[in-house]
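Asker: Pasting a structure below so you can have a look.
Every number here is computed from the coordinates shown, using simple stated rules; none is lab data. The shown structure was predicted, so the numbers you read here are calculated from the model rather than taken from an experiment. Positions of Cβ are generated from backbone atoms using ideal geometry, with glycine treated the same way; all protein chains shown enter the neighbour counts.
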Amino acid sequence: AQSKEQRHSPHPQASRTTSPREAVIQTDAAWKIDTRTTGLGWSIRKTGETLNFQSVNCFVISPLIAEGLAMREAVKKCKELGLRHIRLESDSAQLIKALRSKLEPPEIYAIISDIRINCLAFETVYFAWIPRAKNSVDDGLAKQALALYQVV
C-alpha cells in the first residue's frame, strides 16, 4: 500500500536482533485508490507458532493511513492476547520513522497516538523496518482481504 515516492526513499536500517521472549509482529496493507478500500494483514510469531490475521477498512484516503491501520490492529490484537514483549515490523519506512520519532505526519497523527497508547500495555516494544521481500506473508494476507472484499 505504499506510494511510489515511498518505494524510492532511503530506508531505515532493520537492526537489533530479536529476543527469545519477544513476539515478532509483521504488518502490511493493500490499498485500492478508486474505492478507497484497504486490506490489512498481520502475523504474530511467538514460540514456534504463527498466527495470521486480516481485515478490511473503507474510506481510507492514503497508503500511509492504510499501513498505520494495519499496525494499529496488530497492536490491539497483541494486547488482547496478553503479550508482554513485542517487536513490530513493517516495510513502510515512513510509518516506522513516524513511530520512532516525536513528529508524526499530520495525516496519521491519530493512528500513531492510538498505537502509542496501546503500547503502554507492553513491557517492551520495538519498531523495525523490514525489506518488502521479508514481508510477503502479510502482503499476501492484505491483498487477499482486499480481493475478498471486492468480490462481495
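Asker: Let me know the Rg and Dmax you get for the chain when you use only its Cα atoms, in Å.
Answerer: Looking at the chain, its Cα Rg and Dmax stand at 14.3, 43 Å.
Asker: Okay, moving on. When DSSP beta bridges are limited to those with both residues in the stretch 23-148, what percentage is antiparallel, rounded to the nearest 5?
Answerer: Of the beta bridges lying entirely in the stretch 23-148, close to 60 percent run antiparallel.
Asker: Also: Using the Cβ atoms and a cut-off under 11 Å, what net charge is assigned to the surroundings of Ile117, where Lys and Arg are +1 and Asp and Glu are -1? Could you put the intermediate results ahead of the total?
Answerer: Values: positive: Arg72, Lys76, Lys79, Arg116; negative: Asp114.
With Lys, Arg at +1 and Asp, Glu at -1, the net is +3.
Asker: Here is a further query. Go through Lys32/Lys76; Lys77/Lys102; Lys97/Lys134; Lys46/Lys77 and tell me which ones have a Cα-Cα distance over 22 Å in this structure.
Answerer: On the way: Lys32/Lys76 24 Å; Lys77/Lys102 24 Å; Lys97/Lys134 18 Å; Lys46/Lys77 13 Å.
Violating the 22 Å Cα-Cα cut-off are Lys32/Lys76; Lys77/Lys102.
Asker: Tell me, what ³J(HN,Hα) does each residue in the stretch 65-73 have, in order and in whole Hz, if you take phi through Karplus 6.51 cos²θ - 1.76 cosθ + 1.60 with θ = phi - 60° and put x for Gly and Pro?
Answerer: 4, 4, 4, x, 5, 4, 5, 4, 5
Asker: Quickly estimate the mean residue ellipticity at 222 nm for the chain, helices only: each DSSP H run with n ≥ 4 gives -39500 (n - 2.57), and the total goes over all residues, rounded to 500. Mind showing how you got there, number by number?
Answerer: Working: 5 runs with 58 residues, N = 152.
It comes out at -11500 deg cm²/dmol, rounded to the nearest 500.
Asker: Can you find, among Ala121, Ser62, Pro131, the residue farthest towards the positive end of the dipole of the stretch 23-148? Put +1 on the C-beta of Lys and Arg, -1 on that of Asp and Glu.
Answerer: Farthest towards the positive end: Ala121.
Asker: Treating only the Cβ of Lys, Arg, Asp and Glu as charged (+1, +1, -1, -1), what charge dipole size does the stretch 23-148 show about its Cα centre? Round to the nearest 20 debye. Intermediate values should be presented prior to the final figure.
Answerer: Numbers: 17 positive and 14 negative charges, 50 e Å.
Magnitude of the dipole: close to 240 debye.
Asker: Let me ask something additional. I need the peptides 19-30, 127-138 ranked by packing, meaning the mean over residues of other C-beta atoms within 10 angstrom, with the highest value on top.
Answerer: Values: 19-30: 21.7, 127-138: 16.4.
Top of the packing list down: 19-30, 127-138.
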